[in-house]
Amino acid sequence: MAKERLPITVVVPILNEERNLPTCLSRLGRFDRVVVLDSGSTDRSRQIAAAAGAEWVDFRWDGRFPKKRNWYLRNHGPVTPWVLFLDADEFVDDAFCDELARTLPDTPHAGFWLNYDNWFLGRRLRHGDANRKLALFRVGAGEYERIEEDRWSHLDMEIHEHPILAGSVGEIHARIDHRDDRGLEHWRRKHDEYSSWEARRVMLLRTGQGASASELSPRQRRKYASLGKWWLPAAYFAHMYAFKLGFLDGWPGLAYAWEKAKYFRDIGRKMRALERARR
């Protein structure tokens, strides 16, 4: 018996994702609409999307607001009641879709936090750092926070920006697999870009640009208050590896806690360089 379709547009923003895209798209058969939002891929991503029956939308960023997800919301407004932003290395399953089918018809919420299982060095991490995002919300309920990047960033998609919604927010408990198998060096290159962005983001918050503190989630407020502190990398490592039992994940758990601690160290180092340049 065929299961009911979900009144959701799934938007998959990509750039050269031929490795992850087939698995991602193969899990989306129950959604009303699937859109691949591309930033100029040069691999086989377009052919993979076409074979899966997904729509293809081209995006070129001009260095200013809006970035990728907000641009889609503003220029290609979904006709479904809900929109879900899903990265190509994020894979849903039937349990996730079943929970959406039970929850969405009668919910008063404007959006939902989603929970993810991280994979690192080929292993699912069952302990340590929890990963969740506000990536499912009603069409028209809001958009991702506005940050005036004005060409200082080359990241064309909202990475750490969060949606600002009019209404309450719930939680979907069924988990999504976040599984990128492109190796440690790819992870490091990606997080080097992210740490540069986060360092500038903190400077913007301190000068009153972008979202105000009241628009940030409690977790974001704690995070941005701690970034740049000398003690944060060591405290993060100890908390995630010892207190949050990351050591039970073996070598991948140790490597993940260590790499994330280095990530926070790099943010602090880049923040100090920006502050010296500003002075």
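The values are calculated or read from the model by the stated rules, or taken from the named source; none is laboratory data. A quick note: this is a predicted structure, and the numbers were derived from the prediction, not measured. Methodologically, a virtual Cβ is constructed for each residue, glycine included, from the backbone with ideal geometry; neighbour enumeration extends over all protein chains shown.
Output the qualifying pairs, or none if there are none: Cβ atoms under 6 angstrom, residues six or more apart or on different chains, first residue in the stretch 229-247 and over 14 Å from PHE264 (Cβ atoms) and touching a residue at least 40 places away in the same chain (Cβ under 8 Å), second residue outside any helix (DSSP H, G or I) and of a type outside the set (Ser, Thr, Tyr).
LYS244/HIS127; LYS244/GLY128; LEU245/HIS127; GLY246/HIS127; GLY246/GLY128
For VAL83, all conditions in the list (1) among the aliphatic types (A, V, I, L, M); (2) buried (at least 20 other Cβ atoms within 10 Å of the Cβ); (3) more than 19 Å from ALA141 (Cα to Cα) hold save one; what is the number of the exception?
The single condition VAL83 does not satisfy is (3).
Quick test for you: out of HIS127, HIS109, HIS154, HIS191, pick the one residue that is outside the structural domain of ARG265 (by TED's automatic domain parsing), closer than 30 Å to TRP61 by Cβ and outside any strand (DSSP E or B). Before the answer, list the steps.
Working: HIS127 fails: closer than 30 Å to TRP61 by Cβ; HIS109 fails: closer than 30 Å to TRP61 by Cβ; HIS191 fails: outside the structural domain of ARG265 (by TED's automatic domain parsing).
None of the others qualify; the one that does is HIS154.
For the stretch 112-141, give me each residue that is more than 30 Å from LEU245 (Cβ to Cβ) and either among the aliphatic types (A, V, I, L, M) or surrounded by 18 or more Cβ atoms within 10 Å (Cβ to Cβ) (or both).
Going residue by residue through the stretch 112-141, those that are more than 30 Å from LEU245 (Cβ to Cβ) are 137-141.
Hits for the stretch 112-141 are PHE137, ARG138, VAL139, ALA141.
Do you know which residues across the stretch 97-115 are over 21 Å from ARG27 (Cβ atoms) and either under 14 Å from the mean Cα position of the chain (by Cα) or at pLDDT below 95 (or both)?
none
In the stretch 50-104, how many residues are assigned to a loop (DSSP other than H, G, I, E, B) and over 20 Å from MET157 (Cβ atoms)?
Start the filter on the stretch 50-104 by keeping residues that are assigned to a loop (DSSP other than H, G, I, E, B), which leaves 53-54, 59-67, 76-81, 86-89, 92-93.
So of that shortlist, the ones also over 20 Å from MET157 (Cβ atoms) come out as 53, 79-81, 93.
Summing the residues that are assigned to a loop (DSSP other than H, G, I, E, B) and over 20 Å from MET157 (Cβ atoms) in the stretch 50-104 gives 5.
Within the stretch 50-57, identify whether any single residue is touching a residue at least 40 places away in the same chain (Cβ under 8 Å) and crowded, with 19+ Cβ neighbours inside 10 Å, and answer yes or no. Steps first, please.
Initial filter on the stretch 50-57 (touching a residue at least 40 places away in the same chain (Cβ under 8 Å)): 54.
When the remaining residues are screened for being crowded, with 19+ Cβ neighbours inside 10 Å, the result is 54.
Checking the stretch 50-57: at least one residue is touching a residue at least 40 places away in the same chain (Cβ under 8 Å) and crowded, with 19+ Cβ neighbours inside 10 Å.
Within the stretch 1-36, track down each residue that is acidic (Asp, Glu), over 16 Å from ASP180 (Cα atoms) and either touching an Asp or Glu at 6+ places or on another chain (Cβ under 9 Å) or in a strand (DSSP E or B) (or both). Talk me through it step by step, then tell me what you get.
First, the residues of the stretch 1-36 that are acidic (Asp, Glu): 4, 17-18, 32.
Adding the requirement that they be over 16 Å from ASP180 (Cα atoms) leaves 4, 32.
Result: ASP32, single match.
How about the stretch 116-165: which of its residues are on the phi > 0 side of the Ramachandran plot and modelled with pLDDT under 95? Spell out how you get there, then give the answer.
As a first pass, look at the stretch 116-165 and keep what is on the phi > 0 side of the Ramachandran plot: 121-122, 128, 140, 142, 150-151.
Those that are on the phi > 0 side of the Ramachandran plot and modelled with pLDDT under 95: LEU121, GLY122, GLY128, ASP150, ARG151.
Considering the stretch 228-279 alone, what residues qualify as being part of a helix (DSSP H, G or I) and of a type in the set (Lys, Arg)?
LYS260, LYS262, ARG265, ARG269, LYS270, ARG272, ARG276, ARG278
Looking at the stretch 266-275, is at least one residue closer than 20 Å to TYR116 by Cβ and under 22 Å from the mean Cα position of the chain (by Cα)?
If we filter the stretch 266-275 for residues that are closer than 20 Å to TYR116 by Cβ, which is where we start, we get none.
No, the stretch 266-275 has no match at all.
From the list TRP56, TRP119, TRP113, pick out the single residue that is closer than 30 Å to GLY253 by Cβ and in contact with a strand residue (DSSP E or B) (Cβ under 6 Å, 6 or more places away or on another chain). Working first, answer last.
On the way: TRP56 fails: closer than 30 Å to GLY253 by Cβ; TRP119 fails: in contact with a strand residue (DSSP E or B) (Cβ under 6 Å, 6 or more places away or on another chain).
Being closer than 30 Å to GLY253 by Cβ and in contact with a strand residue (DSSP E or B) (Cβ under 6 Å, 6 or more places away or on another chain) holds for just one of TRP56, TRP119, TRP113, which is TRP113.
Evaluate the stretch 165-175: report whether one residue or more is hydroxyl-bearing (Ser, Thr, Tyr) and loosely packed, with under 15 Cβ neighbours inside 10 Å. Lay out the reasoning, then the answer.
From the stretch 165-175, those hydroxyl-bearing (Ser, Thr, Tyr) are 168; that's our starting set.
Keeping just the survivors that are loosely packed, with under 15 Cβ neighbours inside 10 Å gives 168.
Yes: the stretch 165-175 contains one or more residues that are hydroxyl-bearing (Ser, Thr, Tyr) and loosely packed, with under 15 Cβ neighbours inside 10 Å.
Consider GLU161 against the criteria (1) surrounded by fewer than 19 Cβ atoms within 10 Å (Cβ to Cβ); (2) under 27 Å from TRP61 (Cα atoms): it satisfies all of them except one. Which criterion is unmet?
Of (1) surrounded by fewer than 19 Cβ atoms within 10 Å (Cβ to Cβ); (2) under 27 Å from TRP61 (Cα atoms), only one is false for GLU161: (1).
Considering only residues that are in contact with a Leu (Cβ under 7 Å, 6 or more places away or on another chain) and in a loop (DSSP other than H, G, I, E, B), which ones fall in the stretch 159-188?
HIS162
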